[in-house]
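Remarks on the structure that follows.
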Amino acid sequence: MDFALTQEQTQFAEAVRRWVEKDYGFEQRKHIIASSEGISAEAWSALAELGATALPVPEDQSGFNGTAIDMMVVMQELGRGLVIEPYFATVFAAEFLKQAKAHFDVLEQVAAGEIKLAVALHEKQSRHDLTDIATTATKSADGYTLNGKKTVVLHGAQADKLIVSARASGATRDKNGIQLFIVDANAAGVTRQDYRTIDGYRAADISFTNVQVPAIALLGREDGGWELLDAVSDYGVSLLCSEAIGIMEAITSATLEYLKTRQQFGVPIGKFQVLQHRMADMFMEMEQARSMATLAAVKVSSENAEERRRTLSAAKARVGQAAKYIGQQAVQLHGGMGVTNELPVAHMFKRLTMIELSLGDTDHHLARFVAQPGFKNAA
């Protein structure tokens, strides 16, 4: 199998990298984080002009019909630049619409950069279990009524529309009875509490109080919510793994440069063999994680659900382990400066930490991996 990037993919990556270096430097990022909105309208417009928002959207909806490999390239560059715009939240949510083959008008707006989306899946009691849903969906003659609360919705307060998981029937943690809806973020009964997370991103706790949605708001079949949620969540995992690779590349490069310039006893500390060994270990961790992130992007669209789950969980676990190791080593090699906001390395470490916790941490995905039938058969 050829894992080399195409010329178009390389050119797209270079275009995104040039934009980040020119218009989204570390100082600009700090100003955006400190702003009341927490995001930049100018940066969002630039991403749309580059074609990043249109990349994952089907051609019939004015997009480029990009594959998971295409998205891997973009997410790596956004990760390398620590871009905090609601790109991941939007393309993750758009995948629900894409796989459900619904709301094509919204997808067209996503492609044009006219709309931002967010995904509201987690609740305070659920941790990483996406089946642990207390939010209810009650069917009526005119559609559905939603009641419940979602927590830590990434860019939930900046979104125009939300993808919401709810339970129509069954007990908590049952896979049956789960449904997914697209909801106007400004609908009556929707309350959003915005806050900043440790990595500079924005998240929101969102309450739904007798929120009325029409029947067409339901995504997919009434009895097919879990399959859609499971498949698209793995797509989100693939995006996060790719973003983490870009950050690991940046933090490793920054650490190497620091070892070359920081002097002790009259020589650069990079001359010390023990630190060279630690840099070599960081590099090996990154390359192993890169291989798994690439495999995840290849297998995320597999028609074999067991193979997809096994590969994506293996990738998320391996990337999570590498992110923790590389982040901690980078901070230690920088010394006290590694935990200050003055250096990008601290921000990179925080983002890697949040990625490890998003859509299932390392322990969760290791448990999911061994739970697959293929693991038991192989054992």
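The values are calculated or read from the model by the stated rules, or taken from the named source; none is laboratory data. Since this is a predicted model, take the numbers as computed values, not measurements. Heads up, the Cβs are rebuilt from the backbone with ideal geometry, glycines too, and the neighbour counts pull from every protein chain shown. Surface areas here come from the heavy atoms of the whole protein model, side chains and all, with no ligands, DNA or RNA. Shrake-Rupley method; radii C 1.70, N 1.55, O 1.52, S 1.80 Å.
Values for this structure:
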| item | result |
| --- | --- |
| Spin-label pair Asp60/Val370, simplified geometry with 7 Å Cα→Cβ offset, distance in nm | 4.4 |
| In segment 69-101, trypsin sites (Lys or Arg not before Pro) in a DSSP loop with at most 13 other beta-carbon atoms within 10 Å | Lys101 |
| Residue-span extension gain [Val339 to Thr10] - 0.36 nm each, minus C-alpha spacing | 115.1 nm |
| Additional length obtainable on full extension of the chain from Arg127 to Phe26, 0.36 nm per residue less Cα span | 33.2 nm |
| Equivalent ellipsoid semi-axes, the chain, via Cα gyration tensor eigenvalues times 5, rooted, Å | 35, 23, 20 |
| Residues of the chain: accessible area per residue with a 1.4 Å probe, Å² | 44 |
| Accessible surface of the chain, 1.4 Å probe, proportion on carbon and sulfur as whole % | 52 |
| Value of [θ]222 nm, deg cm²/dmol, for the chain, DSSP H segments ≥ 4, -39500 (n - 2.57) each, nearest 500 | -17000 deg cm²/dmol |
| Mean Cα-pair separation over length for the chain, i.e. relative contact order, pairs under 8 Å, 6 or more apart, % | 15 |
| Loop sites in segment 1-82: chymotrypsin sites (Phe, Trp or Tyr not before Pro), DSSP, at most 16 other Cβ within 10 Å | Phe3 |
| Extension gain (nm, one decimal) between Leu357 and Thr197, 0.36 nm per residue minus Cα-Cα | 56.4 nm |
| Degrees, to the nearest 10: 362-371 long Cα axis against longest axis of the chain | 60 |
| Per-pair calculated FRET efficiency, R0 = 35 Å: Ala41 and Asn147 via Cβ, rounded to 0.05 | 0.60 |
| Lys/Arg +1, Asp/Glu -1 at C-beta; segment 16-81 dipole; positive extreme among Val57, Gly81, Ile69 | Gly81 |
| Sites matching trypsin sites (Lys or Arg not before Pro) across segment 120-209 that sit in DSSP coil, with at most 13 neighbouring C-beta atoms within 10 Å | Lys124, Arg127, Arg173, Lys175 |
